[in-house]
Amino acid sequence: MAAASGGHPGGEAVGGEPPAREQAHNPPHPLAAQRSPLLGAALMVADLEQHRDWLVAGRRDVEIQDPCLPEVLDGDWRALARRARALLAGHGGRVGIHGPFLDLSLAPFDRRARELTIERLRQGLAFAAELEATHMVVHSPFLSFGHGAYTFQPAARRARELAAARAVIEALLPLCAPIGCTLVIENIADGSPLPLLDLVRSIGSPSVQLSLDTGHATIMQALGAPAPDQWVREAGALLAHLHLQDTDGALDRHWAPGDGSINWFALFEALGELAHQPRLLLELDDHRQIPRAAAFLAGRGLAR
């Protein structure tokens, strides 16, 4: 979920190709031309109309982010979901949502905390059903567990944390399959993909897969975590979804690609090695930058 960080380096949203001078210094990467994956966007319902033509014309994937907010789930969320469906009529792309995460843990040891998490995530799935959404983003619980010490952590402790996460996820699975919605677990402060991969593999359900947030992965590189492209290679067939955002590594900026330090050529080269196409959602703090972000990646032959 994009969060305000102050001071965006981009100007007003613009479309089209990068300037000729910039193209000369940044020619399309030769390996990137092997594929041209399709970009989509993560948006609030209030911002859908502004980007509707772009989404519909390209049959692009879209993610509705409103249901991550508790005030939405405590209000008339069905009317909001119907509004989103009306705006996306004839859209043709895949639709998903960002599930609730504020004050929630996907792996709580406290029984009452677990009950609250399950209740809120069930509400998220109800919103997904109303919208006919086929993915719901949930946040990784491994805020300190997923670093290099994971390898040396006592097996009993690792098993306990994985079991706590499975208890929540397995309570949701009976709701996922009937509505065709996949839970995608997004890296947050994870220093390694290994705990998330262990969790997804231990559940062994096609309704639970991985999500990669490129900015989150980049921030954690300062603590020795792998780069976003290495996350792609480690996750492999389990990677179903990406939040594309740039950062300088200092904060969770949610800048447009090209405004930070991420190596986008390396990321899309890794994506091109996959046998499937994950959903690629631009998740920007300023949704008005979406045309410029898409033009940056398209102008380098990385995406369309």
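Of everything listed in (1) modelled with pLDDT under 95; (2) under 19 Å from GLY99 (Cα atoms); (3) part of a helix (DSSP H, G or I), the single unmet condition for VAL200 is (1). Remark: SER192 matches the filter, which requires a residue to be in contact with a His (Cβ under 7 Å, 6 or more places away or on another chain), over 23 Å from HIS135 (Cβ atoms) and not aliphatic (A, V, I, L, M).
Filtering segment 84-99 to residues that are in contact with a strand residue (DSSP E or B) (Cβ under 8 Å, 6 or more places away or on another chain) and over 21 Å from GLU71 (Cβ atoms) leaves LEU88, HIS91, GLY93, ARG94, VAL95. For segment 57-94, a tally of residues being farther than 18 Å from ALA2 by Cβ and outside any helix (DSSP H, G or I) returns 12.
Each row is one residue, and each column tells you yes or no for (1) closer than 22 Å to GLY204 by Cβ; (2) among the hydroxyl-bearing types (Ser, Thr, Tyr); (3) in contact (Cβ under 8 Å) with a residue 12 or more places away in the chain; (4) out of contact with any helix residue (DSSP H, G or I) (no Cβ under 6 Å at 6 or more places or on another chain).
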{"residue": "GLN65", "(1), (2), (3), (4)": "no, no, yes, yes"}
{"residue": "PRO70", "(1), (2), (3), (4)": "no, no, yes, yes"}
{"residue": "ALA113", "(1), (2), (3), (4)": "no, no, no, yes"}
{"residue": "HIS139", "(1), (2), (3), (4)": "yes, no, yes, yes"}
{"residue": "ALA155", "(1), (2), (3), (4)": "yes, no, no, yes"}
{"residue": "ARG158", "(1), (2), (3), (4)": "yes, no, yes, yes"}
{"residue": "ALA165", "(1), (2), (3), (4)": "yes, no, yes, no"}
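Between ALA84, ALA89, ALA107, ALA126, the distinction of being over 16 Å from the mean Cα position of the chain (by Cα), more than 26 Å from PRO174 (Cβ to Cβ) and among the small types (Gly, Ala, Ser) belongs to ALA89 only.
Within segment 203-241, being modelled with pLDDT under 95, assigned to a helix (DSSP H, G or I) and small (Gly, Ala, Ser) holds for one residue alone: ALA222. Within segment 79-111, the only residue that satisfies the criterion of being among the basic types (Lys, Arg), touching a residue at least 40 places away in the same chain (Cβ under 8 Å) and farther than 20 Å from THR182 by Cα is ARG82.
Counting residues in segment 124-144 that are among the aromatic types (Phe, Trp, Tyr), farther than 18 Å from LEU48 by Cα and either at pLDDT 95 or above or part of a loop (DSSP other than H, G, I, E, B) (or both) gives one or more.
Among the residues making up segment 168-192, those that are in contact with a strand residue (DSSP E or B) (Cβ under 8 Å, 6 or more places away or on another chain), in a loop (DSSP other than H, G, I, E, B) and either under 18 Å from SER105 (Cα atoms) or among the polar types (S, T, N, Q) (or both) are ASN187, ILE188.
The values are calculated or read from the model by the stated rules, or taken from the named source; none is laboratory data. Given the structure is predicted, the values throughout are model-derived calculations rather than measurements. In this analysis, Cβ positions are derived from the backbone assuming ideal geometry, glycine residues included, and neighbour counts consider all displayed protein chains.
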